[in-house]
Each structure stands twice: as C-alpha cells, then as structure tokens.
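Quick notes on the structure that follows.
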Amino acid sequence: MPAAPRSPALAGLLAAVLLIAAAAPATASEQPSAARLPPRRYATDAGRVADAPLNVHIVCHSHDDAGWLKTVDQYYYGANNTIQVAGVQYILDTVVQALQANPHRKFVYAEMSFFMRWWEQQDEDTRAAVSQLVRDGQLEFVNGGYVQHDEATAHYVAMIDQTTRGHRFLQQTFGAIPRVGWQIDPFGHSSTQADLLSAQVGFDALFFGRADYQDMEHRRDLQAMEMVWRGSGSLLDATVFTGNFPSGNYGPPPGFAYEWADPPIMDDPRLDEHNVQERVDAFVARCREQAEVTRGNDIMLTIGSDFQFANAHLQFKNLDKLIHHANADGRVNAFYSTPARYAAAKHGYGTCWPLKEDDFFPYADNPHAFWTGYFTSRPASKGYIRAATSYLQAARQLEAFIGLPSRDGGPTTEALEEAVSLLQHHDAITGTAKQHVANDYHRRLHRGLKEAQAVVTSALEKLIRGEYKPNGDPGTLLASGGGGSADSALLTSQRRRLQASRQPEEGAPNPVDAPINLEVCDWLNVTACNATVCLSAASQGIFVAAYNPLGWSREVAVRVPVSTNATCTWKVTGPEGEEVAAQLLPAAHSTLALQDLLASINATCPTTFGNAEVVFIARLPPLGYSTFFLQPVADPSAGSCRGRAGIAAHASGAATVVPPAAAPDRKQPKSTDEAVLDNGLARLEFDTNTGLLVHMSVGGTTARLTTSFAWYNSSDGLDSDENRGQASGAYIFRPNGLYNITADDASSPSLRSLWQRLWPAGATGSKPVAKLSIVHGETVSEARQEFGEWATLVTRLYKGQSHVELEWTVGPIPFEDGLGREVVLLYTSDLESGDEFWTDANGREMVERVRDFRPTWKLNQTEAAAGNYYPLTAAMYIQDGSRQLAVLTDRAQGGASLRNGQMEVMLHRRTLKDDWRGVEEPINETACGCTKCHCTGLVARGKHWLVLSPRDEAARPRRSLQQELNDPALLAFAPIPHQIGSAGGPGGRVGLRRTFSLSEGHILHSNVHLLTLKDTGSSYLVRLAHLYQEGEDPSLCRPITENLSAVLQLLQYQEVRELSLSVNQLRTDMEQRRLRFEAGDSLGSHAGSGGSRGSSSLLPGVGASDAELERLRAGARIIDCRDDCSNGELLVPLQPMEIRTFELLYRPY
C-alpha cells in the first residue's frame, strides 16, 4: 500500500536537515585531493605552436588618452576623479610590479607623453628593473610616439615630429625600436599613416580598432580583417601589414574585462561558484568567433582599454588562470604575446593578403553617425595648432644656426615641440575634448610659442646687429639666450657653424651697438600689434623683420597694423634702401567688430588695436630674412585722415571705396567696372545687385564662380526613428537641412533660392545676398562682403600674385532660436566635375573621392551630406577636361563636393547637443573659453587661397602655394634702430645686416622642401621632401637630386648618417629588418561597384621589387665629411613623395 503522505511541516524539517548536512565540513577522508586544488603556480609559459588548432596571442595594454575628459596632468596623477577614475602613474607602477612577479607576463605601452614623465620620477633601482623588463621582452613599446596622433586633422609634419619625439626617447633610453604601429583609437585612418608613419619608420605591422561598420561587415565576410595596405602609389616601399580588430574596438572580448567587474576565474573546486569550465567554454567560443573572420591559426586578443591595468594584479592573476586552464582544456593554445610577435607569426605563413589601396575615411559606426564633424570642430584651436606647428619649424632653423643656449639657460624651442606634439593627440587637434581640457592644451601651446618667439627675436636681433664677426673666432659667439658665457655656450653646442656671412670689405662700419627690441604680434589677423600701433600713434618709424622658412625665395604680402591718429602717409624702404610700393588700407567693419569683442572680454589691451594697415610686398631670400623701414611722412592735413573716409582718401595707390550694392528696386544696376578686382594676373568680377562674385579668370583660364555662406541645422536626432536621438556633436556631423546666409534673410529655407540668385536669367532686380564694398589699391584690392552680422568674407588680390585670398569670419553663431548651426563656405562654379573631387591626405598626397562611393565595398549611403565629407588638412580641388579649381586651407577642415561644379568647406560649428560618444558636452564654444556662462559665442577667422589653373599645369601653383600658406613668413617689429652716436637718418643705420640667407642664397628645386632643420645638441637633424606625387606634373613629379651641402654650407659637420624617418635607426638597418608581406588581390575587386575609383595616386601604383628595395638600402649610407664634403659633394636623390632624413654630426672646433 502506498506510504502515508508526509505533512508539510515534516517535509520542511527534513529539507532543512539535508541542507545543513550538505553544508557541513567534509571529513578528512572526504576532502578533495591535492591534485584538484588550485595550483600554487599557474602554467603561463606557453608559446606559439605552429600546428596548434588555434594560437591565441593575449596582448595586454592600456590606452591612455593624453587629455580628453580630464587634462593630461589630471590623467597622470589621478586627479579630478569625479569626471573619470584614471591615474596613469598607478598603471605603470602596478604593471611593472606585476611583470616582475611572473617572467612570462607581457605588456605593451604606446603613449610616451605619459611614460617619459613617469620615467623621470623613478629612482635608479626602478629604472634598472624596467630596463631589464624591456630587454627581456616583457615590456614592449608599440607605436612609440609622444601621443597616438589623429589621422584626419593632423599635418604630416607634426605627425613626424611627435613620432620622432617618442622614438628618440626610446632609442636613447632603452635602445628600443618599436616594430608595430598601434593606432587603435583614432576615428578613421589615413593613407599617410600606412606609407609614411608605418613603412617609413620601420613598422612591420599596423593595428587599429575603428573602421566603418559597412566596411567591416564586408571584410568580415571576406576574412579580410587583415590586409596589406599600400598607402602611396608614388613611394617604392609604402606597404604595411594591417590588422583591423574584428570588434571595431580595442577592448577585451565580452566577459573578460576583469577591471570592469566581469567574472573572475574561481578555480577552487570546493566553491559552489566554481566556474573554470564555464569561463574556458566562453573563452574558446570568443576565440573561435574571431578566428572565423581572420585567416590562419593565429588570432590576437587585446586585454585592456582606456586607463586599464591600474590594478594590474587583478588583471594578470585572472589571465594567468585563464591561460593555464584553457591550455589544459586543449581546444586552443593561449599565451602572453605582443603585437610584434603576432605580426611575425602572420608573416611566417608566406601567403598573400588582400590589398587595400585607399584609406578609411569617412568612419561611421551606425547609419546616421558619420564621424565627420570633428574634421572642423574647434576651428580656432585647429588654426592655432597649425600656426604653432609652422612656427616651430621656422624657429628651429634659426635656433640651429645661432646655437642652443648655454647650460645656464635661455629660450629654446623644446617647450613648443612638446606642446605641438601633445596636441596631435586624437582628442586634442580633433576638438573632441572637454572645454576645460581644450583650455589646458591652449595654455601649453601659448607658453611654448612665447619661448619660441624669444628664440626667433633673439636670433634675428643678433643677425641684424651683425653680432657675429664674419669668419671670426667662434668663441666670440654668444648663446641665443644670452644667459651664460661664450665658453659655457661652447660646451653646450660647440659652436658648430661657420660665420653668418663673408668677411666685410675694409672700412665697413661697426655693428649696431644698441639692442633691437623685436616684438612678435599674436593678433595680426585682427589688425592688432602693440609695437606698431603705439609707434605709429606717436608718429615714429617702424622696423619690420620678415623671415622666410622656405628653401626658395618668395614674395610675401606684409600687413602692419597702424593708428592713423598721427599720420596716414607712410614710406617703406627695403633692405637695399630701395623704396617699396605700399598702401594704407582701412580696417574692415568685421575686424573692428572683432576688436570690440576682444576688448569686451579683456583678451588684449585696446591700445594694441589699429584702425588701418600699411600693406606692402616683401621679397625674401631663401631660408633668410629681409628688413624694412616704415617711416611716417609729415602731412599738414593729417587731422583730416581720422575716420574711415579720411583713411581711404589718404591711402597709397589712390584707393577708393565703393558703397554697398544698390537696393533691389533700383532701376539700373551699378556699373560693373566698380566691382572688378584686377591685378593684371587675375581678374574677379562681382555682381553689385547680389553682392556676389560671379566670374574669375587667371591668364587664359576662366570660370563662372560664386562664393557664399550656408549653414546646416544640427540634428538632435529626434526627427528619425532610425538611430533616434543621435545628434550632431563634437564627433558626429548629422545635419537636418541646409540654409542660406544672406544679408536680407539670414535663414532662407533652402539653397535653391540662392542658386537662382547666382546666375539669374536677368541680373537686374536680383535681391542682394551680401552687402558689398570694394577697396582698390596698387598693392592689394579687396572685395568685402557681409552676408550677415556673423558671417563676412574678404576677397583679396595682391600685386604680382595670381591666386585669390579669401579671409572668412564666422561668429558668434546665433543659438537663441535653439538651433545648432554648422557653417560652410560654398564655391559654386561652372566646372563639369561630375561626382569626383580630390582631398589631401595630411598635407601630402591628393586622394580621389567619388560622391556616394567607396572603392572597396558597395556603399549604402544613409547621410547624403555627412557621408560624403572628407578631411581637408591642406587642400581640395575639382576639375573638368581643361580646368582645375583648388581651395587651399590654413587649418584642418571638413569638405565635400555634393553637386557638380561645387565644393563646400565647413568653417565653424556650434551644436547644442552631445553626440553620445563620451565627451558629454556639445560643441558650444564661447569667446571666454567657458561652457556654462553668459559670454558671447566664439568668432573664428581663417584664410583660403583659391587657385584656378589649366588642368595639365595645375599641380605647380597648387603645390607651391600650399607650402607657402602652410609656412608663412615670421614677422617681428621694433622701433627703427640707430647706431649709437650716429645721426638719425638712413646713414646712421648702415651697420645693420639688412638681409641674410642661411643657405647663402642657394635655392632648392621647386619640387623640394627643407622639411626639418633642427639642432639636437650633438648633431643637426635634416629632412628633405619631394613635394609631388607620381603623375601629378609632366616634369616636377620626376626624381630630383638636391645638393644638401649647398643648402647647409654655413653649418659645420663631420659625418652624415641617413636615418629612418623617426630618427631611431640607420635607414639601412630599418630596410633590412622590416618584415614585408605579399599582397594579393585588391579589395576593390570585391567591391561590387567598379572598385577602381578612389585612389591615392594619379597613376597606377607599383610595389617595390627586390631590385628597387636593394637600391633603397644602398642609398642609405654613412658619409664621412672630415675632408669637407660641404664643397658640393652631398647629393641627395629624391623620388616622388619621398622624404629622406639625415643626421649631421657636429664638427668640433
């Protein structure tokens, strides 16, 4: 019979007894065997096994942003943790300890801006321990630059400099040479990174995280997440093995982020939560997922992310366990590794890899999130960084010639180099850091610039005063800082150079005895300069020194701010005493408004503001300076020149001012004769009814052309269900409509009405788009257009120049209506350019772009504007069968060609929403640098140069002008100096060295640029660059041989070594060591849409053959100059786009 049923109470009692029994400690006979206990030491000594089912390279790293949400100092020290918990010093401290605890552990580190600081603070014992870890291969450096630079907005010169800064430190400190590029976080990737900053610095491989989501989906299907990337069709050796992390990021696989509270490995079998098998199963599954989209039996797992390994013991202890138990399981072979070892394993396959020949722009991570806004974000910052980068190169040239200061001190370019290097970081120059971090960046840049300016003014003063006795005793040379004796200066830099000029003739006057207090003016673009304005107000003469950092002579437009309170008439004389044509130009309304704004926020003293400029064309020698005297001329009617009308009446060259265009109801339009700028080389015609440019001609090349402003409304993402809430912000450009900016209606609802105004069927009666005024002059003529209170354009033609300068001013961008605005300058022409346009790659090669097209996959275009935007670091152009129209920029900007014959360049952005990419701030800049304040919005001002040329001759003016815009002349001002005891007339100034060339007047070929001239303290660092790419010009894109000795004949050196681009190894050694991977089929052949379009070369590129590589290696040699190879023997052949780097060792006296 069935047993009697139990009562509920009895059943509960029995269950409780069973639970207690189960929880009771086991007896001695029931204890687990010792073999089942967790091991006292885990087996972590595994390495790669060629025939393993799957080799899992575990790469431990920490990605440490050199500023983003916190400043670089706050990140290093772990300050301001209410924003983000991060402290880099603790990461490095604990990683070193953890590596010492287990000789099999490995760690890779990239950011030298942090590591160099940390290294300086370590005692000798720690330094010795770290050096041993480096020698043993436990601590390895990847990338090795000062920062992980951006690849869209950084100029190639700054990319080289910041990489060199880090690489030199590693080579000099550890003898370490990074073998792998590690650009894991930048928001898209440039072909310059592949050829110049990977192949040419000796990297075996390049790895990164981010790429377009459609591109990655396509390449996952092809098992093409790893490829050979050819970055240039011009360079012979321009390929690098490239890995794109399959996750699109650089963090650990899901479930294995131990510092982010993922489950630790609990391997004590006595635990109820014992999870070894579950963790191993999950790990194997993640590894197999990655293996499915890569080729071969090796994969790399990145363990680490932003500011990870602050608790290195936590990470490594769990990884030790994971490696031990996964290998015991046997399905995978896991081990500690590095990216360099992983690349070597892939190279060992001896197979072909897919070939990539374009770049990775633009980057989108979902259908309505194109990371193309940061191409323009913080435009004033981008302009400041570019200007500082160029100033650094020029200041180094003078510093190299004058010599480093003594140990007792003096200004150097070191602080500026450090600041410029730091600001190439991918959250600095991009404009994607928080506002307080951007402010910190700018303070650093300002301090560095001020010290470099002191280097420049000191050097120029010494040269101008003739302080160096030609061919005299080098011991008489003083340090540039003037802080120490000549002897101590000699100990520091050994006074390497020959004297500044040849022996003067007998009876030549003595040098000027009185100092020349040169001053650099930072506000010249708003007609402000304390020295010149104060001198002119006191009716005193102005001394101008202009230094040309380029290796060829040039003519430069010099604009000197003055006050007209005392006089409106000026005489300018050049270095030979010749009179130079000059013009007095009244300041534009937009400039006066900017001055008022700056005064209102106490940015600078109002006494520095001029109301006019003296403009003249200065002829400058190569790598040299010329000086000019601006003398006020007594004018009995000076009082009548006060005010704008008076200034215009007294302006040199009979300048006239044309009133704004007539009202639309006027019966007869104003004569177009008054709306023409013509300097004999170029001609611009303006419609006085619309106020717009309508025609441009240069020589025999003509085009209908209009320049105008428009703005995109920044979407808040709420107008679409797809990616709802995705707003336009610091990173993302997501527009919601395009609107005109016009004088009569600042928010016309479409571009169609503007198009109808540009070339209407009948011009008479057209409504004005811009208020137009014209200023004519012999030196410069200007068309000043006001499209609204916050958008103005000044179009200039200078005497003797065929290009057009456009100075744009945008801001404060209105936001009271709650609309974000992203402002563009439109260039609308009659060129039949179709859907093609070209943009530069970091100031180097021009890359073909095709609207709504990608060369390596079939694009599903989801954002018509943002999805066609590309970075413009320096240039953009369109062309048809006979003409090319190019826009050159003075800073990084975003641009596109969205219509046939049209280009647009984004100038300024003010968004009111965050775009959810981490910065948690909109781009809402103010003139005060604050975010939550009542200060007015930021005004940005910059320049474009417009070049119209015959298509087959277009590269020549474009390349030369691009270099001139990037490297402007350095200007310094002072009262006119007089020799002590002499008369005040011109005869009292004959002791001045009025002009001088560091190259003794030797001019480089027009396709060669002196990229670098730097005094390192024991040698000179010199780089020469070929400026043209293959197929760009019938003659100038050919190989060229430059005489380096002639350029540097005033420097003394005893040995010349050719080095890698980043100056950390002999070029011969680099060529022999670097791994080269075989390229297979082009990814373009799998695009499904004619993947041959969109190339970085104008002609088909070719890889380097074995013979060509041997030629490259043979070209890298050590030249002994003890027998004076400065007599024209050092000849440097350059291939198109090639940069060659030399170290010239001092010749001691």
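The values are calculated or read from the model by the stated rules, or taken from the named source; none is laboratory data. All values derive from a computational prediction rather than experimental measurement. Heads up, the Cβs are rebuilt from the backbone with ideal geometry, glycines too, and the neighbour counts pull from every protein chain shown. Ligands, DNA and RNA are stripped out before the accessible areas are found, and what is left, the full protein with its side chains, is counted by its heavy atoms. Shrake-Rupley method; radii C 1.70, N 1.55, O 1.52, S 1.80 Å.
Restricting segment 300-331 to residues that are closer than 23 Å to L69 by Cα and surrounded by fewer than 19 Cβ atoms within 10 Å (Cβ to Cβ) leaves a set whose member that is farthest from the chain's Cα centre (by Cα) is N311. Residue pairs whose Cβ atoms lie under 7 Å apart, separated by 6 or more positions or on different chains, with the first residue in segment 324-340 and farther than 13 Å from D45 by Cα and among the basic types (K, R) and the second open to solvent by 10 Å² or more (accessible area, probe 1.4 Å) and in a loop (DSSP other than H, G, I, E, B), are R331/P53. For P977, the stated conditions do not hold, so it cannot be described as in contact with a helix residue (DSSP H, G or I) (Cβ under 8 Å, 6 or more places away or on another chain), within 23 Å of V560 (Cα to Cα) and at pLDDT 95 or above.
A896 falls short on exactly one of the conditions (1) free of Cβ contacts under 8 Å to residues at least 60 places away in the same chain; (2) open to solvent by 10 Å² or more (accessible area, probe 1.4 Å); (3) touching an Asp or Glu at 6+ places or on another chain (Cβ under 7 Å), and that condition is (2). Evaluate segment 844-867: report whether one residue or more is within 30 Å of T591 (Cβ to Cβ), in a loop (DSSP other than H, G, I, E, B) and not hydrophobic (A, V, I, L, M, F, W, C). Checked segment 844-867: no residue is within 30 Å of T591 (Cβ to Cβ), in a loop (DSSP other than H, G, I, E, B) and not hydrophobic (A, V, I, L, M, F, W, C). The residue that is nearest to the chain's Cα centre (by Cα), among those in segment 137-154 that are crowded, with 24+ Cβ neighbours inside 10 Å and among the polar types (S, T, N, Q), is T153. Only residues that are more than 28 Å from M846 (Cβ to Cβ) and in contact with a Lys or Arg (Cβ under 6 Å, 6 or more places away or on another chain) were counted in segment 226-247, giving 0.
Applying a threshold of 7 Å to beta carbon distances and a minimum spacing of six or more residues, or different chains, the list of pairs starting in segment 559-572 at a residue that is more than 11 Å from S539 (Cβ to Cβ) and open to solvent by 30 Å² or more (accessible area, probe 1.4 Å) and ending at one that is at pLDDT 95 or above and not β-branched (V, I, T) reads R559/L524; R559/E613; K571/E579; K571/Q631. Picking from residues in segment 994-1046 that are in contact with a Gly (Cβ under 8 Å, 6 or more places away or on another chain) and of a type in the set (S, T, Y), the one that is farthest from A972 (Cα to Cα) is S1045. Within segment 158-183, if we keep just the residues that are out of contact with any helix residue (DSSP H, G or I) (no Cβ under 6 Å at 6 or more places or on another chain), among the β-branched types (V, I, T) and surrounded by 24 or more Cβ atoms within 10 Å (Cβ to Cβ), the residue that is farthest from P379 (Cα to Cα) turns out to be T164. Of all residues in segment 583-628, those satisfying the criterion of being open to solvent by 20 Å² or more (accessible area, probe 1.4 Å) and in a strand (DSSP E or B) are F609, I617, R619.
Beta carbons closer than 7 Å, at least 6 apart along the sequence or on distinct chains, pair a first residue in segment 814-831 that is more than 10 Å from L907 (Cα to Cα) with a second that is of a type in the set (D, E) for L826/E904; L831/D880.
Does D427 fit the bill of being more than 18 Å from the chain's Cα centre (by Cα), under 18 Å from N842 (Cα atoms) and buried (at least 23 other Cβ atoms within 10 Å of the Cβ)? Considered against the rule, which asks whether it is more than 18 Å from the chain's Cα centre (by Cα), under 18 Å from N842 (Cα atoms) and buried (at least 23 other Cβ atoms within 10 Å of the Cβ), D427 comes out as no. Give segment 388-409 a look and list any residue that's of a type outside the set (A, V, I, L, M) and in a helix (DSSP H, G or I), or say none. Across segment 388-409, the qualifying residues are T389, S390, Y391, Q393, R396, Q397, E399, F401.
Quick check on segment 122-135. Is at least one of its residues assigned to a loop (DSSP other than H, G, I, E, B) and out of contact with any Asp or Glu (no Cβ under 7 Å at 6 or more places or on another chain)? It would help to see each step written out before you state the result.
Here is the first cut: in segment 122-135, the residues assigned to a loop (DSSP other than H, G, I, E, B) are 122-123.
Next cut, out of contact with any Asp or Glu (no Cβ under 7 Å at 6 or more places or on another chain) only: 122-123.
Yes; the residues of segment 122-135 include at least one that is assigned to a loop (DSSP other than H, G, I, E, B) and out of contact with any Asp or Glu (no Cβ under 7 Å at 6 or more places or on another chain).
Of the residues making up segment 227-249, those that are assigned to a loop (DSSP other than H, G, I, E, B), polar (S, T, N, Q) and buried (at least 24 other Cβ atoms within 10 Å of the Cβ) are S232, S234.
Condition test on R465, is it modelled with pLDDT of 95 or more and either under 23 Å from H1009 (Cα atoms) or surrounded by fewer than 22 Cβ atoms within 10 Å (Cβ to Cβ) (or both)?
In short, no.
State whether the residues of segment 958-975 include one that is in contact with a strand residue (DSSP E or B) (Cβ under 7 Å, 6 or more places away or on another chain), farther than 21 Å from Y625 by Cα and open to solvent by less than 40 Å² (accessible area, probe 1.4 Å). Scanning segment 958-975 turns up at least one residue that is in contact with a strand residue (DSSP E or B) (Cβ under 7 Å, 6 or more places away or on another chain), farther than 21 Å from Y625 by Cα and open to solvent by less than 40 Å² (accessible area, probe 1.4 Å). Residue count for segment 190-214 satisfying the condition of being under 28 Å from L1061 (Cβ atoms) and in a helix (DSSP H, G or I): 8.
Every residue, every condition in (1) part of a helix (DSSP H, G or I); (2) surrounded by 24 or more Cβ atoms within 10 Å (Cβ to Cβ), yes or no:
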| position | (1), (2) |
| --- | --- |
| A340 | yes, no |
| A343 | yes, yes |
| F360 | no, yes |
| A380 | yes, no |
| G383 | yes, no |
| R386 | yes, yes |
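Just to be sure I understand, how many residues within segment 876-886 are in contact with a strand residue (DSSP E or B) (Cβ under 8 Å, 6 or more places away or on another chain) and surrounded by fewer than 23 Cβ atoms within 10 Å (Cβ to Cβ)? Break it down into steps so the answer makes sense when it comes.
Of all residues in segment 876-886, those in contact with a strand residue (DSSP E or B) (Cβ under 8 Å, 6 or more places away or on another chain) come to 876-879, 882-886.
After this cut, where a residue has to be surrounded by fewer than 23 Cβ atoms within 10 Å (Cβ to Cβ) as well, the list is 879, 882-883.
Residues meeting the conditions: 3.
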